[in-house]
Amino acid sequence: MAASDSAPSTPPPVAAPPPLSTKKENQTPIGSKITDLNESRSELLTRIQGLKLDLQNWRSKLDTQVKVYRDELSELKKTLNVEVEQLRSEFQELRTTLQQQQEDVTASLKNLGLQDVSDDAKEIQNPKIEEHTEDVQAPASDSV
């Protein structure tokens, strides 16, 4: 057994490496592709950064514009509310003035001895009826 242990063992055969010229030919296209990819990646990152900056600028402008519009709407709302209040006040004054004038006219009519406009209308209508009645009675009295 010792004899078999002492027998020299031969290592398995190792494959010979390919010639150096073949490796360099394969590496050159890969290296140029990696370089191209890195350049493309850099261009894309630059474009993305530019787009992000454009988006931020656009958002900022939009926010500013929205704020300006909100401020304008707020001012318009305040102005409208003030004008509505003024109109309400003016209408109330007008209503009060008209009521006062109506009361004054009513008091003046009472002072003149007339109670109502409706009483005046009745007085105007009654003489017409009486005149008509007189016309009917007149021929009757002539025939007697």
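The values are calculated or read from the model by the stated rules, or taken from the named source; none is laboratory data. This one's a predicted model, so the numbers in the text were calculated from it and none came from an experiment. With ideal geometry, Cβ positions are generated from the backbone for all residues, glycine too; neighbour counts draw on all protein chains shown.
When SER42, SER6 are screened for being at pLDDT below 60 and not aliphatic (A, V, I, L, M), only SER6 passes.
Criterion first (at pLDDT below 90 and surrounded by 10 or more Cβ atoms within 10 Å (Cβ to Cβ)) does GLY50 satisfy it? For GLY50, the condition - at pLDDT below 90 and surrounded by 10 or more Cβ atoms within 10 Å (Cβ to Cβ) - is not met.
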